[in-house]
1. Identify, please: which residue in the stretch A:1-47 is open to solvent by less than 30 Å² (accessible area, probe 1.4 Å) and touching a Lys or Arg at 6+ places or on another chain (Cβ under 8 Å) and is, among those, nearest to B:PRO259 (Cα to Cα)?
2. Only residues that are facing chain B (nearest Cβ under 7 Å) and in contact (Cβ under 8 Å) with a residue 40 or more places away in the chain: list them for the stretch A:166-181, please.
3. Please verify whether B:GLY447 is free of Cβ contacts under 8 Å to residues at least 60 places away in the same chain and in contact with a helix residue (DSSP H, G or I) (Cβ under 8 Å, 6 or more places away or on another chain), treating the condition exactly as stated.
4. Can you go through A:GLY173, A:GLY157, A:GLY167, A:GLY126 and tell me which one is surrounded by fewer than 22 Cβ atoms within 10 Å (Cβ to Cβ) and within 12 Å of A:ASP101 (Cα to Cα)?
5. Looking at the stretch B:375-398 only, could you name the residues that are touching a Phe, Trp or Tyr at 6+ places or on another chain (Cβ under 7 Å) and within 9 Å of chain A (Cβ to nearest Cβ)?
6. Among the residues of the stretch A:113-138, count how many are among the basic types (Lys, Arg) and within 7 Å of chain B (Cβ to nearest Cβ).
7. Name the residues in the stretch B:438-466 that are among the β-branched types (Val, Ile, Thr), more than 7 Å from chain A (Cβ to nearest Cβ), surrounded by fewer than 24 Cβ atoms within 10 Å (Cβ to Cβ) and not in a helix (DSSP H, G or I), would you?
8. Quick one: which strands (runs of 3 or more DSSP E) sit completely within the stretch A:47-96 and have at least 1 residues that are over 19 Å from the mean Cα position of the chain (by Cα) and away from every other protein chain (no Cβ under 13 Å)?
Amino acid sequence: MAVTPPTNRVWWNEPVEKMELVWVVIAFLWGLVMFATMIVWHIVGQQNLSTETYRIKPEAYVAKVEAMAEKFKVREEGSTGIPVVKPSAGSDVYLLGRLWDWWPILELEKGQSYRLHLSSADWQHGFSLQPVNLNIQVHPGYDHIITLTPTETGAFGIVCNEFCGIGHHQMTGKIYVVERR
Amino acid sequence: MSASANAEFRTCPETGLKVHLPAEKLIKVNAVTAVIFLAVGGLFGLLVALTRWPAVHLLPADLFYLALTAHGANVLLFWIIFFEMAVLYFASALLLNSRLATPAWGWVGYWLMLVGAVLANIAVLQGDSTVMFTSYVPMKAAPHFYLGLIVFAVGALIGVFVFFATLVVAKDENTYEGSVPLVTFGAITAAVIAVFTIVSGAIILIPTFLWSIGLIGYIDPLVYKVVWWGMGHSSQQINVSAHVAVWYAIAALVLGAKPLSEKVSRVAFLFYILFLQLASAHHLLAEPGMSEGWKVFNTSYAMYLAVLGSMIHGLTVPGSIEAAQREKGYTHGAFEWLRKAPWGNPAFAGMFLSLVMFGFLGGISGVVMGTEQLNLLMHNTLYVPGHFHGTVVAGTTLAFMAVTYLLVPLIFRRGLVLNKMAQWQPYLFAIGVTGISLFMMGAGTLGVARRHWDMTFSDAVVSVSYPAGAFLMMGLNGVFAVLATLGGIFYIVVVVASILYGPKLGDKAAPKPAPAAAPRPAAIASYGSAGTLKLPGTAILVTVFFVAFVLYYYVNWKYLAALWPMR
């Protein structure tokens, strides 16, 4: 029994039953397949998280976001006073996570690629684009750059999905995707 | 051995083993303390689920986040680790027929754990340590929150070393023949991983404590996460090792099941030690700063050998049960052995449900979520708690509940009372947890954030909305959380009532639940050799599991392919 010492003192020499052996081989091969799948996706897949990251002081990042917002602001969102920013296609786009909003609101063109920068002014946040359901962790002190290509038009919400204190559930933002002109 | 030393033993009427009374006392006190923390943590869990049920939305935001922090610490740490201490002492002193190396140090460890757990709870309830179980910097808790966790960990480490010392004593005093039992081997696996886990915890929590009192100026959030998950993820591997050992123990004690092959099962345990240590990578897949190679390699070690370990146990545990049942004559068709298994015995029912749910709910979802690119679909959504309620609640907690039904007669020397309630308990709890796990994973697939008070975003300046299906999922999650809570209450009522009012067993054996457990040793001596029985039922079960695994894995790649292109 499993609660008593092995009946056969030299248990490591016992032959392994064929059924167990077959299962071990199948499970082992499946592990190799899953490992290979991740690598193959890096070659053929379109969805791989960039690892381009730079250290940056939170204040310096905030300054970059503000400079971009000033340069590319096209309007304000309703009566909220939040700028809607439309950077040119292919350019560097900065999004700031902070207690408790994603700032500013971005307007992107469908089918164009953007270098989207993500960082935080204070604590960790979770960039969660809905209903696309793309989720990326955002750290203070790290500027993470993802080259993103929207494939559908509409208004997409950004939720924070890393707990960041009492206002966590109010922390939202938006990305508009419009047709290419 | 001297007469005074012998006075510290009794002989177990069930197993004939010598029971070291100081060890037995430590097992009792650790198990009872564990159950108290389960009750507290489970109550907080109910409050969390009722708040996330959109139609109920019970707690205000601040209390919700507080309750969620308390839920995580009490059930994931305190309930499980106190119970694991009981399992370690049981698997060493009792199964090896030995004395516990140093009961005094066992008590020192126990008191440190208790003081630490109470201190951390005080910090959380005071309201200024609402930082969640993970306490990611630069979010800061009160110093005594970190201190409580450190003191608890030191106590646990002492307990682990008492376990190791007991192994040495048992070997030295020749209390058993040959190699240690498989269950003890599984406990050794858990204890080795525990040392690594606690050291990782010390490396990160001690500086964080110093930072919280102002002695250290800055802790890098990414470094914190890498080291913290060296504790957080490996501690779940302690749980897996411990509950797999418990599965084997229950199969042996209830059905007389014998491992199909000692060699295969032990190697599978060894895989847990060798291939899960840097598992923090699983928690950093959606993170900046780590290379693809680092992520891909450290989540898989190129061949997923820890997953292989669990898949092996997934065959050998039901396989050993099928073999034992076939030996008893349940040989019709592929599944008579399973149909006529002792489903009315809560220890067996809980164990088998734990096995199936751990594999199908927790196991498959864990591998999918731990795949580098697929993680983008579920990182920090409710899919994550959906997954780990499948591993740590359906797997570990249910297995520990099941083994309690054996510990009460064996260790507390009391018969079970409220038998009907005990019989239903594993089913009620399992149904509840299955719902919790599935509906949280469903809501996560629809994008709902974890650790989030308001899925309607009613206070947010910029409005966001989740699909209607997500609200339905969260309502159902609430309903099933109520069922699981009822199952939890049943467990606590049965255990407490049995310990206090159960019929005293004295030195008589407990009445055995039917069917009788006694195996015929001669007939099962040939497991693992050419004489082994064919096990068609287990072959069908693992085939179903494998097909489900492969299909679900590639369905998720199909979802991923529809995501916006990114590089």
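The values are calculated or read from the model by the stated rules, or taken from the named source; none is laboratory data. This one's a predicted model, so the numbers in the text were calculated from it and none came from an experiment. Counting neighbours? That spans all protein chains shown, and the Cβs are built from the backbone with ideal geometry, glycine included. Accessible surface areas use protein heavy atoms only, side chains included; no ligands, DNA or RNA. Shrake-Rupley method; radii C 1.70, N 1.55, O 1.52, S 1.80 Å.
1. A:ALA2
2. We begin by selecting, within the stretch A:166-181, every residue facing chain B (nearest Cβ under 7 Å); these are A:166, A:168-170, A:172-174.
Within the stretch A:166-181, A:HIS168, A:GLN170, A:THR172, A:GLY173, A:LYS174 qualify.
3. On the way: free of Cβ contacts under 8 Å to residues at least 60 places away in the same chain: no; in contact with a helix residue (DSSP H, G or I) (Cβ under 8 Å, 6 or more places away or on another chain): yes.
No; evaluated as a whole, the condition is false for this residue.
4. Numbers: A:GLY173 fails: surrounded by fewer than 22 Cβ atoms within 10 Å (Cβ to Cβ); A:GLY157 fails: surrounded by fewer than 22 Cβ atoms within 10 Å (Cβ to Cβ); A:GLY126 fails: surrounded by fewer than 22 Cβ atoms within 10 Å (Cβ to Cβ).
Residue meeting the stated conditions: A:GLY167.
5. Once the filter is applied, which keeps residues that are touching a Phe, Trp or Tyr at 6+ places or on another chain (Cβ under 7 Å) and within 9 Å of chain A (Cβ to nearest Cβ), the stretch B:375-398 yields only B:LEU377.
6. Taking the stretch A:113-138 first, the residues among the basic types (Lys, Arg) are A:115.
From the residues that got through so far, the ones that are within 7 Å of chain B (Cβ to nearest Cβ) too are none.
Residues meeting the conditions: 0.
7. B:THR456
8. Details: elements: A:53-55, A:73-77, A:82-85.
It comes to A:73-77, A:82-85.
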